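Read through the structure below, which is laid out as structure tokens, and then see the notes.
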Amino acid sequence: MLFRILFRSFTLKLFGRVNLFRNGAFRTTKYETAREPPPVAEFLVGLFAKKRYRNSILSDLAEDFESDIASGISLDRAKRRYWAGALNSIGPQALAAVKRLGFWGLLVEAARRITG
């Protein structure tokens, strides 16, 4: 019983939801398809990056993410590297915006950019 619980938790971590059959075979009903860059990091880059640099920064980060996945780096490490690159590219611009606008002004500016 303990082995079955451990096996199920291990396969759940690897493959998502798993249906176990009586004969011990299993099939996955939901694979981990989150092989996309972190959406929150993309949103922050889109929010803080200057308009003329936004597309190039996002495409460079996506290209690095895809090459990391293709080279065999784990998905978690590739996501951490994406976050590091995103924060590295928007850090100076975000700090300049906080200095210029203050915290509340930064929130108003973010709301203005989101709504158009």
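The values are calculated or read from the model by the stated rules, or taken from the named source; none is laboratory data. Note that this is a predicted model, so its numbers are computed, not measured. Virtual Cβ from ideal backbone geometry, glycine too; neighbours counted across all protein chains shown.
Quick notes
- Residues located in segment 74-89, provided they are surrounded by 14 or more Cβ atoms within 10 Å (Cβ to Cβ) and either over 15 Å from Ala62 (Cβ atoms) or not assigned by TED's automatic domain parsing to the domain that holds Arg54 (or both): Arg80, Leu87
- The residue pairs whose first member lies in segment 60-80 and is over 22 Å from Ile90 (Cβ atoms), whose second member is of a type in the set (Asp, Glu) and not in a helix (DSSP H, G or I), and whose beta carbons are closer than 7 Å, counting only pairs six or more residues apart or on different chains, do not exist in this structure.
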